[in-house]
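Computed from the coordinates by the stated procedures, all read-outs in this text should not be read as laboratory data. Since the structure is predicted, the reported quantities are computational estimates derived from the model, not experimental observations. Heads up, the Cβs are rebuilt from the backbone with ideal geometry, glycines too, and the neighbour counts pull from every protein chain shown.
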Amino acid sequence: MHFTTTALSALLLALGVSAAQAGATTEVSYATLVGAPITFSELADGAVIDGLLTSGGVQFGERFDGQELAVAKAPRPGAIAQDWFDDLSFGAPLAGLTLLPGAIGANLGVYHYGDADGAAIFGIGPQNSDGSDPSGFGALSARFASPVSALGFQLRDADGGAITLQLYRADGSLIETVDLSGRTDGRYAFARNGGVADIAGFSLTHRDSYYGVSLDNLLLTTAAVPEPGAALLFITGLLTLAALRRRAR
């Protein structure tokens, strides 16, 4: 009984430590998500959207009711100039995740990249002091028709700057803030640990200079996806149990 209790305690301790250290989501391969992505291909190149946008059953805007729109600035790499960005660090979404559009001419825009992936949307930020184009420098928020357990997307024009993804439940509570800083163009995906389907929306903000950041190929799913961290932990626990068993002999 002493051996059994010790071994079981070690296994539970390992699982408990990992759960405490793990975030609310696990980054997974975009290719593991099941479903059809939202490509924004129906939107006209260069369109400026003054109001909420619905595409693929998902609603897009600048921010959620309760979030305060502020302005942040960051130096432009290799230049004296600074760029200005939308900031949503203050306030929190209210229950219901009601989307709000930005000001006229400072909400959302569309750009066609001329490649196989086509169009993407972006937030339009505050006007830069040097008069340069604020397209791609704004906040972008989305509300899903129903909560999901995983989401993936393609970032475009990302140049390694600071990028923040905040995931929310329908009651406005924060699930997790995912730091995407240093990411470049590519497809990224995140799944709720345990397969919990409670991601009802997100806000994406950044301080990535030059071209800002655009969003493409948004993919939402409630299908189970691999959780490599949890699997590795379980295997570690089993190996610990086996080692204790051998030692007891």
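Enter the mean projected area of the convex hull around the alpha-carbon atoms of region 124-196, in nm², rounded to one decimal. Could the numbers behind the result be given before it?
Working: hull surface 24.0 nm².
Taking the Cα atoms of region 124-196, their convex hull projects to 6.0 nm² on average.
Paramagnetic label reach from SER181 (point 7 Å along Cα→Cβ; backbone nitrogen cut-off under 19 Å): within region 143-160, residues 158-160. Taking amide H as placed 1.01 Å from N in the peptide plane, the amide H of ASN107 sits under 5 Å from that of ILE124, each at least 5 places away or on another chain.
Between THR222 and ALA79, what is 0.36 nm times their sequence separation minus the Cα-Cα distance? Round to one decimal in nm.
Details: separation 143, 0.36 × 143 = 51.48 nm, distance 4.42 nm.
Value of the extension gain: 47.1 nm.
A full extension of the chain between ASP65 and ALA145 corresponds to an added length of 27.1 nm, given 0.36 nm per residue minus the alpha carbon distance. Under a 5 Å amide H cut-off, with hydrogens placed 1.01 Å from N, GLU176 pairs with LEU167 among residues at least 5 apart or on other chains. Amide H to amide H distances under 5 Å link PHE144 with GLY201, where only residues 5 or more positions off or on other chains count and H is placed in the peptide plane.
Each Lys and Arg Cβ is given +1 and each Asp and Glu Cβ -1; about its Cα centre, region 83-224 then shows a dipole of about 500 debye.
Along region 114-130 the Karplus relation, 6.51 cos²θ - 1.76 cosθ + 1.60 evaluated at θ = phi - 60°, assigns HN-Hα couplings of x, 10, 5, 8, x, 8, 8, 10, 8, x, 9, x, x, 5, 5, 4, 8 Hz to successive residues, with x for each Gly and Pro.
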